[in-house]
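The values are calculated or read from the model by the stated rules, or taken from the named source; none is laboratory data. Just so you know, these numbers come straight off a predicted model, no measurement behind them. No Cβ is skipped: glycine too gets one built from the backbone with ideal geometry, and neighbour counts run over all protein chains shown. For the accessible areas, the whole protein counts, side chains as well, though only heavy atoms, and no ligand, DNA or RNA atoms are used. Shrake-Rupley method; radii C 1.70, N 1.55, O 1.52, S 1.80 Å.
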Amino acid sequence: MKPQGPGYLEFGSINGEPVLLDLDTNNLSHWHLAQLFLETHASGSSFCCWHQHSPVEMDVWTFWSRLAERGIAFTPGKSTTGVFPLLFLRNKGSAGFGTFIAIGKDPKEAEALKEAADEALREEQVLQSAECVSLSTTRGRIWVQSVPLNSARSTTAFEIMTSVIPLVRPNLDAVILPGGHPGTQEMWNFCQRVLGLADWQVIFTTGNSACLDDDVEEAVLTKIRGIVTTSEQQYTLVPYCVTDSFISWSEKLAEHKVAVFGEELEWVKKYGHKGILHRHIQTPDKPSVIEEIDPTIRVPKGYVCSTVDDLVEAHRLLGGGKVVVKPVFGAAGEGILFLTEEAELRMYSFPMGDVCLEEFLDLDCAPDGLVLSPAMHYNEGVLIGKGLVDQIMTGTSYAGWRKSVATKVFEKTANRYMQSLIQGTQPKGPGGVDFLSVKGMPVLSDINTGRFNGAHTPKLFCAKYAPDCAFYCWRATPAESFHVYTFWNRLQEKGLAFIPGKTKEGVFPLLFLRGTSALNIAVADTNERAEELHRLADALVVKKEKDALAAPNYGSVARPSLFKKADIMKKSDTRIWAASSPAESRRRNERFRASGRPACLLRPGRDVIILQDNHEGLREYYEFCKELLQLQDNQVIWTSGSSQCLDSDIDDCVLEQIRAVYSARPDETFAVVPVTVSEKLLGWANKLQGNNIKVFGENPEWITKYGDAKVLFRAVWAKDTPAAIESWMPDCKVVKGLRCRTADDLVAAYEILGGPAGGDALIIPVQSRDGQNTRLVGSVEELRLYGFNFGEIVLQEAPKLDRGEDGLPIRLLLTFLKGEIFGQGCSDAVSLGFR
């Protein structure tokens with residue numbers, strides 16, 4: 001390949017032989033940055049580098065002071081051993097994120113330092129109280145669906161915030177929505193026109209924060225006060241769930257007698273999590289909450305665990321083997337891992353707090369082959385909808401809902417479980433539970449209490465506009481260019497549109513975010529007709545996969561000299577870090593993680609970093625690095641932070657500051673250092689003028705030729721055409737896999753790889769970094785539901801790796817820069833699940 005930029009190879013050991021699992025090019029990974037830090041400040045030392053979520057509201061200085069108190073803080077230029085935060089981002093109202101490095105004289109000391117640093121991160125959350133009232137139909141509702149999860153999942157957050165728009169009743173309710181998000185604005189405009197909503201019924205925030213609650217500033221409060229004080233109607237705030245952040249602003253409306261629909265925080269602490277299903281492993285003789293409510297309710301065998309030792313003991317008591325790790329406060333399948341070995345459990349870092357360790361169940365399937373996973377939902381203890389609905393599952397996430405095919409015995413038993421739970425907990429707000437079917441009987445597998453669930457919107461929509469109808473609700477991923485009005489017009493042309501108050505059956509888009517996700521509902525007299533409408537309407541949607549497969553367009557050709565001789569290792573090169581992540585549009589927090597990582601690599605008085613000025617945690621971390629590394633004021637350039645992507649945020653003002661840096665030092669050579677060379681990077685880098693400014697990385701022609709999975713894997717549509725790696729290294733063993741673009745491709749590839757007899761397979765997006773968005777699937781039915789949200793994928797066998805003496809799978813990373821091995825050679829890569 002003759003690369004000029006960064007990349008790495010990942011190998012796994014299978015039957016004692018190295019097998020190439022991944023080749024990631026045009027990517028300056030966090031492994032590169034960690035080793036660059038090590039080479040700069042402690043060359044030759046042993047190290048251990050890891051990611052971990054930090055407690056809610058903990059800042060980097062608190063963590064650093066705890067390290068110092070323990071005598072394990074690594075101060076660059078002064079210390080020889082210790083721990084340093086390579087990244088530390090505090091998040092308002094949710095867990096933060098950090099990357100840490102422990103540096104020791106030998107591997108044993110580095111591991112001991114890691115364990116000591118983990119202890120320094122522990123901190124409990126203090127809950128407050130809130131007034132909660134009924135979601136009365138006679139009161140006006142102000143919907144504010146702020147998601148208190150880690151805002152890295154920005155697409156999920158926007159889906160939840162936007163999905164309640166169809167529930168706004170004309171001339172009665174209002175909704176608070178994030179500003180600056182085109183998809184949300186389009187969805188509001190559509191519903192306003194179709195449902196007859198008024199302008200005053202929406203309040204847009206500034207959109208500056210990933211958390212909607214943190215975006216409710218005085219201007220928003222003023223508009224809310226205007227609504228509630230100029231109407232004779234009484235109003236209720238309807239949050240996704242009651243949190244400290246929500247309380248901090250909602251309490252300011254108490255004088256206007258604005259009530260809240262939801263649980264008190266003490267209730268949430270006791271009942272609003274999966275921990276009520278099991279006994280805690282530290283108190284095995286104390287019954288679980290579910291046992292106290294109704295000991296006859298069947299749940300998976302398992303224990304609540306708070307520490308690694310808890311996990312190991314629980315694994316032993318469950319008999320070893322394959323187990324499921326479920327974060328107690330997880331939602332929509334987030335954070336679920338399937339693990340087998342004790343050594344894997346010992347590496348778990350509790351990124352989302354306590355977990356349930358459960359047995360791995362042998363699940364029943366519906367007649368069409370999908371896992372049978374019925375669910376029930378309630379408001380104020382009253383079941384909504386038509387009892388059980390089956391979740392349409394892909395992996396551990398749902399893709400929609402349909403009428404349950406569970407037996408009457410299952411339904412009656414599940415209903416009894418639900419009634420016992422409601423009577424025992426006395427909920428005042430929204431919630432739901434999920435069941436799994438084992439040998440025809442329900443097993444209560446998930447608790448989603450104290451918050452709205454995904455099925456609330458379709459069920460409440462039906463209750464309002466089609467109370468006697470059956471429904472089928474499904475997800476889709478529309479193309480970026482496919483507008484909600486285009487879809488609606490097609491539905492109307494085919495006579496398939498459901499117009500609330502006018503038609504008796506049809507399809508309505510409950511959510512439609514172009515290029516991201518859609519949630520459609522079909523309503524009809526019968527379930528069969530609803531499913532038929534689903535098939536007809538889904539065929540009208542232009543899916544994202546058709547747009548996502550186009551080759552990257554790098555716009556104008558880069559200046560020939562732009563990439564020439566750029567380096568980040570030569571002492572003569574001064575670095576201008578512009579670390580924009582390709583995952584930013586899907587994972588909002590990734591934009592801050594990517595851009596903030598190089599801050600700890602700045603050399604005093606020399607290098608410059610470009611950062612977004614709209615994340616307090618990022619600014620805090622830079623100020624921390626500035627003081628620790630003794631940086632100067634002029635070593636950072638702040639952008640406005642108005643874009644989802646750092647590259648898009650580099651406007652003429654930022655370019656002028658960059659030009660001022662390298663123009664003022666004409667005798668120095670500057671290298672612009674991105675995470676990856678992309679079209680957006682070239683859009684602004686091409687505007688830089690001067691013989692002493694280059695870009696470190698691959699040129700567009702090289703990326704087009706070598707920059708994706710076609711180097712390693714054949715395409716299923718051209719399976720006889722060898723991949724490039726086969727000609728370069730014919731003796732190199734590569735994990736089995738095939739590139740796919742459609743659901744039919746997936747099915748064909750699955751059969752080529754061995755089908756059901758071959759066991760589980762992995763769906764890995766071609767553009768995936770570090771295992772992101774990887775899914776484990778085990779049936780053709782799951783493959784047919786895959787939506788290609790992230791473009792072309794590789795369907796890969798799930799490799800059975802050899803394990804070391806510690807029980808962990810043997811995986812090795814080999815990083816390179818400019819075609820040379822970088823750092824200390826091979827490093828052990830420790831992963832949980834796919835990451």
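Net charge in the neighbourhood of N15 (other residues with Cβ under 11 Å of its Cβ; Lys, Arg +1, Asp, Glu -1) is 0. Give me the base-10 log of I(q)/I(0) for the stretch 469-549 at each q in 0.13, 0.17, 0.20, 0.21 Å⁻¹, Debye formula, one uniform scatterer per Cα, rounded to two decimals. Calculated log10 I(q)/I(0) at the listed q: -0.35, -0.59, -0.80, -0.87.
When the chain is described by a simple charge dipole with +1 on each Lys and Arg Cβ and -1 on each Asp and Glu Cβ, the residue from P327, F713, V734 located farthest towards its positive end is F713.
Given +1 at the Cβ of Lys and Arg, -1 at the Cβ of Asp and Glu and no other charges, the dipole of the stretch 242-353 around its Cα centre is 260 debye to the nearest 20. Under 24 Å from the Cα of K108, which lysines turn up, not counting those fewer than eight places away in the same chain? Filter leaves K78. For the pair T75 and W728, a Förster radius of 41 Å applied to the C-beta separation gives a FRET efficiency near 0.40, rounded to the nearest 0.05. Carbon and sulfur atoms: what percent of the 1.4 Å accessible area of the stretch 448-490 do they account for? Summing carbon and sulfur atoms, their accessible area is 48 percent of the total for the stretch 448-490. Over the stretch 317-469, accessible surface divided per residue gives 36 Å², non-protein components excluded, 1.4 Å probe. Every Cα-Cα pair of the chain was included, and the share exceeding 39 Å stands at 41 percent. Across the stretch 138-264, the convex hull enclosing all Cα atoms gives 100 Å³ per residue. Across the stretch 774-835, the mean sequence separation of Cα contacts (distance under 8 Å, 6 or more residues apart), normalised by length, yields a relative contact order of 22 percent. For T486, the solvent-accessible surface computed with a 1.4 Å probe is close to 50 Å², ligands and nucleic acids excluded. Please identify every one of the GluC sites (Glu not before Pro) in the stretch 656-685 that sits in a loop by DSSP and has no more than 14 other beta carbons within 10 Å of its own beta carbon. Listed in order of number, the matching sites are E668.
Express the Stokes-Einstein translational diffusion coefficient of the stretch 1-146 in µm² s⁻¹, to the nearest whole number, given a Kirkwood radius over alpha-carbon pairs, 20 °C and a viscosity of 1.002 mPa s. Rounded, D is 115 µm²/s.
Remark: the stretch 457-471, residue by residue, has Karplus-estimated 3J(HN,Hα) of 4, x, 5, 5, 5, 5, 4, 7, 10, 8, x, 9, 9, 7, 9 Hz, where x stands for each Gly or Pro and the curve is 6.51 cos²θ - 1.76 cosθ + 1.60 at θ = phi - 60°. Ellipticity at 222 nm from helices only: DSSP H runs of n ≥ 4 in the chain, each -39500 (n - 2.57), divided by the residue count, give -8000 deg cm²/dmol. Close amide H partners of G804, meaning residues 5 or more places away or on another chain with modelled amide H under 5 Å apart, are I810. Protein heavy-atom accessible surface, 1.4 Å probe, per residue over the stretch 611-658: 43 Å².
Derived scalar couplings between HN and Hα for the stretch 522-533 equal 10, 10, 6, 5, 10, 5, 5, 5, 4, 5, 5, 4 Hz in order, rounded to whole Hz, by the Karplus curve 6.51 cos²θ - 1.76 cosθ + 1.60 (θ = phi - 60°), x for Gly and Pro.
The simple Förster model, with R0 at 45 Å and r as the Cβ-Cβ distance, assigns Y485 and R346 a FRET efficiency of 0.25. Spin-label model, A219 to N15: label points 7 Å out along the Cα-to-beta-carbon direction sit 6.5 nm apart.
Amide hydrogen proximity for R279: with H placed 1.01 Å from N in the peptide plane, the residues at 5 or more positions away or on another chain lying under 5 Å are S288, V304. State which entries of K92/K274; K286/K412; K733/K800; K386/K408; K223/K252 exceed 19 angstrom in Cα-Cα distance in the structure shown. From K92/K274; K286/K412; K733/K800; K386/K408; K223/K252, over 19 Å: K92/K274; K286/K412.
Take every pair of alpha-carbon atoms less than 8 Å apart whose residues are at least six positions apart; their mean separation over the length of the chain yields a relative contact order of 14 percent. For trypsin sites (Lys or Arg not before Pro), no site in the stretch 637-710 is both called loop by DSSP and has at most 12 other Cβ atoms within 10 Å. Of the residues G605, I227, N171, the one whose Cα sits farthest towards the positive end of the charge dipole of the chain is N171 (charges of +1 on Lys and Arg Cβ, -1 on Asp and Glu Cβ, taken about the Cα centre).
Averaging sequence separations of C-alpha pairs under 8 Å and six or more residues apart, then dividing by the length of the stretch 633-719, give the relative contact order as a whole percent. Mind dumping the intermediate values first?
Numbers: 57 pairs, mean separation 21.9, N = 87.
Rounded, it is 25 percent for the stretch 633-719.
Is the stretch 697-748 best put as rounded, prolate or oblate by its Cα gyration tensor, with a ≥ b ≥ c the root eigenvalues, rounded for a/c under 1.5, and otherwise prolate when a/b is larger than b/c, oblate when not? Verdict is oblate for the stretch 697-748.
Protein heavy-atom accessible surface, 1.4 Å probe, per residue over the stretch 168-218: 35 Å².
If R0 equals 41 Å, the separation of the Cβ atoms of Q689 and D828 corresponds to a calculated FRET efficiency of about 0.35. Annotation: amide H of R141 within the under-5 Å range of D173, A174, T236, sequence separation 5 or more or interchain, hydrogens built in the peptide plane. Expressed as a whole percent, the accessible surface of the stretch 253-397 that belongs to carbon and sulfur atoms is 52, based on a 1.4 Å probe.
To the nearest ten degrees, helix 308-317 and the longest principal axis of the Cα atoms of the chain are 60 degrees apart.
Annotation: S79 carries an accessible surface of approximately 30 Å², with a 1.4 Å probe and no ligand, DNA or RNA atoms counted. The fraction of Cα-Cα pairs per 5 angstrom bin, counted from 0 for the stretch 604-688, comes to 3, 12, 23, 25, 21, 13, 3, 0 percent, rounded to whole percents. Averaging the Cα positions of each part gives two centres, and for the stretch 423-460 and the stretch 798-819 these lie 40 Å apart. Taking Cα centre as origin and charging only the Cβ of basic (Lys, Arg, +1) and acidic (Asp, Glu, -1) residues, the dipole magnitude of the stretch 248-299 rounds to 180 debye. Dipole size of the chain about its Cα centre, with +1 on Lys/Arg Cβ and -1 on Asp/Glu Cβ: approximately 1380 debye, rounded to the nearest 20. Under the combined filter of DSSP loop state and at most 15 neighbouring Cβ atoms within 10 Å, the stretch 440-509 retains these trypsin sites (Lys or Arg not before Pro): K494, K502, K504.
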